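Have a look at the structure below before the remarks.
The values are calculated or read from the model by the stated rules, or taken from the named source; none is laboratory data. The structure presented is a predicted model; accordingly, all values stated were derived computationally and were not measured. Positions of Cβ are generated from backbone atoms using ideal geometry, with glycine treated the same way; all protein chains shown enter the neighbour counts.
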Amino acid sequence: MSERHRLLDAAAIVGIGATEFSKNSGRSEMRLAVEACEAAIADAGLTPDQIDGWVTYSAETNPEIEVAKNLGAGEMTFFSRIHHGGGAACGVIQQAVLAVSAGVADYVVCYRAFNERSGRRFGAGVQDRPAQATAESAGFAWYAPFGLLTPAQWVAMFARRYMHEYGATSEDFGRIAVADRTHAATNPKAYFYNAPITLEDHQQSRWIVEPLHLLDCCQESDGAQAIVVTTPDRARDLPNPPVLVRAAAQAAGDHQEMMTSYYRPSITGLPEMNLCARQLYNTTGLGPSDFQTAVIYDHFTPLALPQFEEFGFCGRGEAKDFIADGAIELGGRLPINTHGGQLGEAYIHGMNGIAEGVRQVRGTSVNQVPGVEHVLVTAGTMVPTSALVLGADRGGALPAPSTRSFGFRGRRGGGSPPR
Amino acid sequence: MHESGTTDGAAFLARCKAFEGREVDALVAPDPVNQAMIRHWVEAIGDTNPVYTDPEAAAASVHGEIIAPAVMLQAWTMPGLRGTARGPGDTNPQSQLLNLLDDAGFVGVVATDSEQEYARMLHLGDRITARSVIDEVSAEKRTALGVGHFITTRIDYTAADGELVGTQRWRILKFRPGTGRGTVNPPVAAEPEPEPEPPRRMPRPRPGTTLDNLFFFEGAMERRLLIQRCAACQVLRHPPQPRCDRCGAYDWDTVEACGRGTVYSFVVNHYPQVPAFDYPLPIGLIELEEGTRLVAQIVDCPIEEIAVGMAVEVTWLDDDPDLVVPAFRPAGSGS
């Protein structure tokens, strides 16, 4: 497997658009998708008839042909889906990068839209899913009859072991929630605008599944987010400053399961995220110190911690120290989730986090970090996942990537990247 | 989690138990089994079987005549719209028992289940009498709704000549509101002897089965904890799969686990609450002595005593007749 690929600076994000984020949109999921896509296309300075590629998640309920029809987008030459939910977020962008760089489409819209609070709630898990003689249904046979039914419960099993092995505490998880909600408090688009929390609030929130409190869990949201991708050359003719997709990676680890990789020798790391890191670093020549801000996937706070470890921001088990003392809040050494994350802004399966990465590179975030050159964006954890490095366009004269290797090559199954 | 007033609890239970076997009342049906009530009932239910309404079809059936739907059994002796309101000075034993529970704070009430057995079909003209007896008052139980006592009433239905035509067991729960699941420190009485739980309102979620994992659930029905083994290289694997990813063999058999293991990790579920389970619900990731891991409920252990590394042994949850699943309890706590 090559961990360096030819997708370096192969595409740019030129448009972002979203609906409002709420608990009850009052509109169909289809309408949300169409509104977000229309807004993203307009933001890009394009018209719908120019869009010829569409990418979304396999969990999406709005078919690309229906969205295109609503927008009057006409013909399409590329359409694709990435499996599951939040782990797909950056993989959807990678599909668009592949399509425009291969020339099978000129402008690709990536989207995710749902009424995930007022409609079918993801937090309810698989309790209503009928037992079937399919491989995916048989996979749930090891959890559903035993009462382990929801994403929060699946994640809590990792969290408990992580606490046991590294001495992390619920307060350490709470620091992720506090950072998210602190940033959401100053983001008017965030559901929890003007509603910061303290660590004490986190500790006093009720148990959802021990060791996870309510405030360790992302929201359930109604809303939609869309993103437009094209080639860097085309991007430079459009109104917004191009945001380069410097590298995009997908990854599934050895013995990967969908949320329940409980059978690996160790379950406290995220080998699939390590594989994302190896690809991104080896493709771009960048390393952990090259990011001024990051969007760290946060469906549940405990699994933010090993992401810092897999990306080499700190050693294994040291994330609790890395995130202490406001390090991940504005003004800290690596502010994360400046939009408020999925706990604070909205849970749109990671697509809204990618949009925040775009704003940070454009310099238009409401919580702008100064001097942003590169943003790391990650997708869902404990699932087949994906990640991006977004970067500023330097007029087509980007420095060639260095040839230094970060030693990630060949590490598998929970090896720790060097610091 | 023991409450201090266990002795008081035992005395209170004894007072409740004194009602067991006492006859509540005997209701004589105001009308004999009749075609009009049957017609209204089957129309409301949507049952178009002619054996209930068409004399010719009924005569040609195995019954030879019009019969009443069996599940109408309770309808014939129902006291009607005005019913029978319970008052504080009521001398009816059932009212006295309910008042006793009310006074002890068990003011909530919910009907949990009703079982009926039919001795024979009812025919037009049958005159039914229902005799109710307080069958059982359970020890204090912790339920999803709250701490309370189940009261089972047995009702014998007889025809005019005294022939038993059907029996009903009617169960209600009298509970203390606000002491249900999600309560941090619910007052729970010590409960040394296990008693049969009332039937669950909903069975636990079924497993999706394929030819690759069916053996596990079939083994569980026989209380055998099976692990898949590669027939070629002998490696054990869970979850099972059709091909050995080590040696490539498709042939496999199973070994029966010894049932001992340790808690590798665990969670305690609080929300959302699914009717098939009681909450808080501890679930472990169990590492078996044989080396494989599996997810299963942790039972017979106070939640605060569950810990990573705790030695456990298998036991079986068989409250669903067609789905037995393994669970784990502290090692040595059985037998």
Q | Selected residue (criterion: nearest to B:Val299 (Cα to Cα)) from residues of region B:325-335 that are in contact (Cβ under 8 Å) with a residue 60 or more places away in the chain and surrounded by 18 or more Cβ atoms within 10 Å (Cβ to Cβ) | A | B:Phe328
Q: State all residues of region B:248-258 that are within 15 Å of B:Val312 (Cβ to Cβ) and surrounded by 19 or more Cβ atoms within 10 Å (Cβ to Cβ); if no residue qualifies, say none.
A: B:Ala257
(Q) Just to be sure I understand, how many residues within region B:307-323 are within 12 Å of another protein chain (Cβ to nearest Cβ), surrounded by 17 or more Cβ atoms within 10 Å (Cβ to Cβ) and in a strand (DSSP E or B)? (A) 2
(Q) Give me the residue from region B:222-243 that is among the charged types (D, E, K, R) and more than 12 Å from chain A (Cβ to nearest Cβ) and, out of that set, farthest from B:Gly261 (Cα to Cα). (A) B:Arg243
(Q) So, in region A:217-248, how many residues would count as being closer than 30 Å to B:Tyr264 by Cβ and outside any loop (DSSP other than H, G, I, E, B)? (A) 1
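Residue by residue, here is whether (1) among the β-branched types (Val, Ile, Thr); (2) out of contact with any Leu (no Cβ under 9 Å at 6 or more places or on another chain) holds:
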position: A:Thr169; (1), (2): yes, yes
position: A:Gln203; (1), (2): no, no
position: A:Gly223; (1), (2): no, no
position: A:Asp237; (1), (2): no, yes
position: A:Arg246; (1), (2): no, no
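So, restricting to strands (runs of 3 or more DSSP E) that lie completely within region A:40-147, which ones have at least 2 residues that are within 14 Å of chain B (Cβ to nearest Cβ) and surrounded by fewer than 21 Cβ atoms within 10 Å (Cβ to Cβ)?
Correct list: empty, since no element meets the threshold.
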Q.
Going by what's in this entry, would B:Thr143 be described as farther than 30 Å from B:Asp278 by Cβ, surrounded by 15 or more Cβ atoms within 10 Å (Cβ to Cβ) and among the polar types (S, T, N, Q)?
A. no
(Q) Restricting to region B:285-305, count the residues that are more than 22 Å from the chain's Cα centre (by Cα), within 20 Å of A:Trp142 (Cβ to Cβ) and either more than 9 Å from every other protein chain (Cβ to nearest Cβ) or of a type in the set (Phe, Trp, Tyr) (or both). (A) 6
Q. Of the conditions (1) away from chain A (no Cβ under 13 Å); (2) surrounded by fewer than 16 Cβ atoms within 10 Å (Cβ to Cβ), B:Pro275 fails just one. Which one is it?
A. (1)
Q: Identify the single condition in (1) part of a helix (DSSP H, G or I); (2) within 14 Å of chain B (Cβ to nearest Cβ); (3) more than 20 Å from the chain's Cα centre (by Cα); (4) modelled with pLDDT of 95 or more that A:Ala152 does not satisfy, given that it satisfies every other one.
A: (3)
Q: Tell me which residues, restricted to region A:333-379, are surrounded by fewer than 24 Cβ atoms within 10 Å (Cβ to Cβ) and acidic (Asp, Glu).
A: A:Glu373
Q: Return the only residue of A:Arg333, A:Arg264 being within 14 Å of another protein chain (Cβ to nearest Cβ) and charged (D, E, K, R).
A: A:Arg264
Q) Quick one: which of B:Arg131, B:Arg127, B:Arg120 is in contact with a strand residue (DSSP E or B) (Cβ under 9 Å, 6 or more places away or on another chain), surrounded by fewer than 20 Cβ atoms within 10 Å (Cβ to Cβ) and in a strand (DSSP E or B)? A) B:Arg131
**Q.** Given (1) under 26 Å from B:Ala311 (Cβ atoms); (2) among the charged types (D, E, K, R); (3) surrounded by fewer than 16 Cβ atoms within 10 Å (Cβ to Cβ), number of the condition B:Arg237 does not satisfy
**A.** (3)
Q) Can you name every residue in region A:354-363 that is small (Gly, Ala, Ser) and over 17 Å from A:Ala33 (Cα atoms)? A) A:Gly357, A:Gly363
(Q) Given the condition assigned to a strand (DSSP E or B), surrounded by 14 or more Cβ atoms within 10 Å (Cβ to Cβ) and at pLDDT below 90, answer yes or no: does some residue in region B:88-108 qualify? (A) yes
**Q.** Lone qualifier among A:Thr260, A:Thr230, A:Thr293 - being among the β-branched types (Val, Ile, Thr) and surrounded by fewer than 24 Cβ atoms within 10 Å (Cβ to Cβ)
**A.** A:Thr260
